[in-house]
Amino acid sequence: GENVEQHPSTLSVQEGDSAVIKCTYSDSASNYFPWYKQELGKRPQLIIDIRSNVGEKKDQRIAVTLNKTAKHFSLHITETQPEDSAVYFCAATLLGSASKIIFGSGTRLSIRP
Amino acid sequence: SAVISQKPSRDICQRGTSLTIQCQVDSQVTMMFWYRQQPGQSLTLIATANQGSEATYESGFVIDKFPISRPNLTFSTLTVSNMSPEDSSIYLCSALRDSGEKLFFGSGTQLSVL
């Protein structure tokens, strides 16, 4: 089955700087890679996703890149703001089969004022 | 995004008892799942709730401990049976929407077992 590894487990950046979170996956058949943000005491919220036929996707300050050959994908947050502080989870799945989404271990991002 | 209602939002239970968590989605969805999130940890998939048939459980989770129902395309329940303190966790219902692609979560049930 799929296994997703995520790094780093904690990340602290200065407000205004960029943050990068990296994930690797094991199943080369996986074709969908979502990212979730979870604030303290709240449910995970989908913030961006990418399919395997796309190498990069951007939504305002957030971007995700995918390297299928290396089986890794990354989340990039630019011009970080205090409200970006949260736990971020990457995930992977093969859509169209069982479609069960497997999550990485999470990254706690802190933005220093 | 889908509206997923989950209840109860929290409960404190005695060892050996059972708790049933309900999940209601605002429209028909292709797939529903149940996840567990222990404090400070990631989301672990318990099972896929199959409409009209037995749930598909992940390694380490069994039907006797976590019976699941899904009588229709918008509703599912998860029961945590014969609870022990190790079952204390947040349980999250989730559903695939938007052509079976995007996964949305309910607000979660925080369970504490004494």
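The values are calculated or read from the model by the stated rules, or taken from the named source; none is laboratory data. Please read all numbers here as calculations on a predicted model, not as lab measurements. In this analysis, Cβ positions are derived from the backbone assuming ideal geometry, glycine residues included, and neighbour counts consider all displayed protein chains.
Considering the range B:14-31 alone, what residues qualify as being surrounded by 14 or more Cβ atoms within 10 Å (Cβ to Cβ) and not β-branched (Val, Ile, Thr)?
Correct list: B:Leu19, B:Gln22, B:Cys23, B:Gln24, B:Met31.
So, A:Ala91, is that one modelled with pLDDT of 95 or more, closer than 22 Å to B:Phe105 by Cα and not hydroxyl-bearing (Ser, Thr, Tyr) or not?
yes
The conditions are (1) in contact (Cβ under 8 Å) with a residue 60 or more places away in the chain; (2) surrounded by 17 or more Cβ atoms within 10 Å (Cβ to Cβ); (3) over 21 Å from B:Val25 (Cβ atoms), and B:Ser42 fails exactly one of them. Which is it?
(1)
Give me a count of the residues in the range A:31-61 that are aliphatic (A, V, I, L, M), assigned to a loop (DSSP other than H, G, I, E, B) and under 26 Å from B:Lys7 (Cβ atoms).
Matching residues across the range A:31-61 total 1.
Just checking, which of A:Arg108, A:Arg51 is over 27 Å from A:Glu15 (Cα atoms), within 14 Å of chain B (Cβ to nearest Cβ) and of a type in the set (D, E, K, R)?
A:Arg51
From the list A:Ser105, A:Ser28, A:Ser12, which one is of a type outside the set (Val, Ile, Thr), touching a residue at least 24 places away in the same chain (Cβ under 8 Å), surrounded by fewer than 19 Cβ atoms within 10 Å (Cβ to Cβ) and part of a strand (DSSP E or B)?
A:Ser12
State all residues of the range A:73-95 that are assigned to a loop (DSSP other than H, G, I, E, B), more than 8 Å from chain B (Cβ to nearest Cβ) and surrounded by fewer than 19 Cβ atoms within 10 Å (Cβ to Cβ); if no residue qualifies, say none.
Within the range A:73-95, A:Thr78, A:Glu79, A:Gln81, A:Ser85, A:Leu94 meet the criteria.
Select, from B:Gln24, B:Gln6, the only residue that is touching a Phe, Trp or Tyr at 6+ places or on another chain (Cβ under 9 Å), farther than 25 Å from A:Ala86 by Cβ and either within 12 Å of chain A (Cβ to nearest Cβ) or at pLDDT 95 or above (or both).
Being touching a Phe, Trp or Tyr at 6+ places or on another chain (Cβ under 9 Å), farther than 25 Å from A:Ala86 by Cβ and either within 12 Å of chain A (Cβ to nearest Cβ) or at pLDDT 95 or above (or both) holds for just one of B:Gln24, B:Gln6, which is B:Gln24.
Just to confirm my filter: which strands (runs of 3 or more DSSP E) fall fully inside chain B and include at least 3 residues that are within 26 Å of A:Leu94 (Cα to Cα) and of a type outside the set (Lys, Arg)?
Counting at least 3 such residues, we get B:19-25, B:31-37, B:43-49, B:68-72, B:75-80, B:89-97, B:102-105.
Within the group B:Ser112, B:Ser88, which residue is surrounded by fewer than 14 Cβ atoms within 10 Å (Cβ to Cβ) and more than 8 Å from chain A (Cβ to nearest Cβ)?
B:Ser112
Looking at (1) touching a strand residue (DSSP E or B) at 6+ places or on another chain (Cβ under 7 Å); (2) assigned to a loop (DSSP other than H, G, I, E, B); (3) modelled with pLDDT of 95 or more, find the lone condition where A:Ser99 falls short.
The number of the failed condition is (3).
Does A:Gln45 satisfy being touching a strand residue (DSSP E or B) at 6+ places or on another chain (Cβ under 6 Å), surrounded by 13 or more Cβ atoms within 10 Å (Cβ to Cβ), within 13 Å of another protein chain (Cβ to nearest Cβ) and closer than 17 Å to B:Leu92 by Cβ?
So A:Gln45 fits the description; yes.
Every residue, every condition in (1) under 21 Å from A:Ile101 (Cβ atoms); (2) in contact with a helix residue (DSSP H, G or I) (Cβ under 6 Å, 6 or more places away or on another chain); (3) hydroxyl-bearing (Ser, Thr, Tyr), yes or no:
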site: B:Lys7; (1), (2), (3): no, no, no
site: B:Arg15; (1), (2), (3): no, no, no
site: B:Gln24; (1), (2), (3): yes, no, no
site: B:Ser59; (1), (2), (3): yes, no, yes
site: B:Lys65; (1), (2), (3): no, no, no
site: B:Leu78; (1), (2), (3): yes, no, no
site: B:Leu103; (1), (2), (3): yes, no, no
site: B:Gly108; (1), (2), (3): yes, no, no
